[in-house]
Amino acid sequence: MSPAKLLARLGLCFMTFTQRLGAFALFMVSAVLHIFDTRRIFGRTIRQMYTIGVQSLFVILLIGIFCGMVLGLQGYYTLVKFGSVGLLGSAVSLTLIRELGPVLTAIMLTGRAGSSMTAEIGVMRITDQIDALDVMDINSMAYLVSPRVLASLISFPLLTAIFDVIGIIGGYLTGVLMLGINEGAYFYRIESSVTMTDVQGGFLKALVFALLVTSVCCFEGYFTHQRSDSVGPEAVGNATTQAVVISCVLILAADYVLTSVLL
């Protein structure tokens, strides 16, 4: 391939990426703004909170308890080398509240609820249901996307808090009940080391992840019909896969940026 053709291809890829990024930014802003200009969003938001939050609760509890138990186990055998086993409560709680709680909760919700959003909206797009809403003068963004965004902004922090608490209990099961660390020392270290700044930082991450995940998943489903690699049901499948992958990458990238700012 000649240098001119290579440069042209790189330029085309960059322009396509820029156009896609701009469309996504406008989509996300529009979804957020429509939260405040619709009067009938409450009922749809409650239904989406049930789908995103309540139906994901068992997964969050299961992952949280095992994550906390693994942290307790690994933390114990790391700290015992330095004679600092009493710091296990601090290690488990701060790791969960600052990092693993928001990140793992967002990734789990991406796989369970985010993929469902993309598939559902994508099917509505390829079966012309979204076009039917527009014909009936029903704003499809306000009807389909904004309730999901609002429900995620409420559900993600709540599930993150549950994950943190269950994870700390998992660390207690491993560190105190199984390995014999003093119970009072475990909870004292949690109380003395965790500050409100740590909790607020974890909730801020959860809110950012909620906005990114919901916007990406709804965006990929909403514009399924514009995909160039496939059409019909295959396009829905490809859009769902792409939405999950992009969401997970954005979660980790945003986590790095937010951690750099908050520390």
Please verify whether residue 180 is outside any helix (DSSP H, G or I), over 23 Å from residue 21 (Cα atoms), over 17 Å from the mean Cα position of the chain (by Cα) and of a type outside the set (A, V, I, L, M, F, W, C), treating the condition exactly as stated. yes
How many of the residues in region 176-213 are without any contact (Cβ under 8 Å) to a residue 60 or more places away in the chain and touching an Asp or Glu at 6+ places or on another chain (Cβ under 7 Å)? 1
Can you tell me which residue is surrounded by the fewest Cβ atoms within 10 Å (Cβ to Cβ) among those in region 89-132 that are in contact with a Leu (Cβ under 8 Å, 6 or more places away or on another chain) and farther than 17 Å from residue 64 by Cα? 124
Quick one: count up the residues across region 133-162 that are charged (D, E, K, R) and either in contact with a Phe, Trp or Tyr (Cβ under 9 Å, 6 or more places away or on another chain) or surrounded by 22 or more Cβ atoms within 10 Å (Cβ to Cβ) (or both). 1
When region 214-263 is examined, which residues are found to be surrounded by 13 or more Cβ atoms within 10 Å (Cβ to Cβ), outside any helix (DSSP H, G or I) and among the charged types (D, E, K, R)? 227
Suppose we filter region 1-45 for residues that are within 26 Å of the chain's Cα centre (by Cα) and of a type in the set (Gly, Ala, Ser); how many remain? 6
For residues that are part of a helix (DSSP H, G or I) and free of Cβ contacts under 8 Å to residues at least 12 places away in the same chain, tally how many sit in region 1-35. 24
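None of the figures in this text is laboratory data; all of them are computed from the coordinates on show. For clarity, every value in this text was computed on a predicted model and none was experimentally measured. Here Cβ is always computed from backbone atoms with ideal geometry, including for glycine, and neighbour counts include all displayed protein chains.
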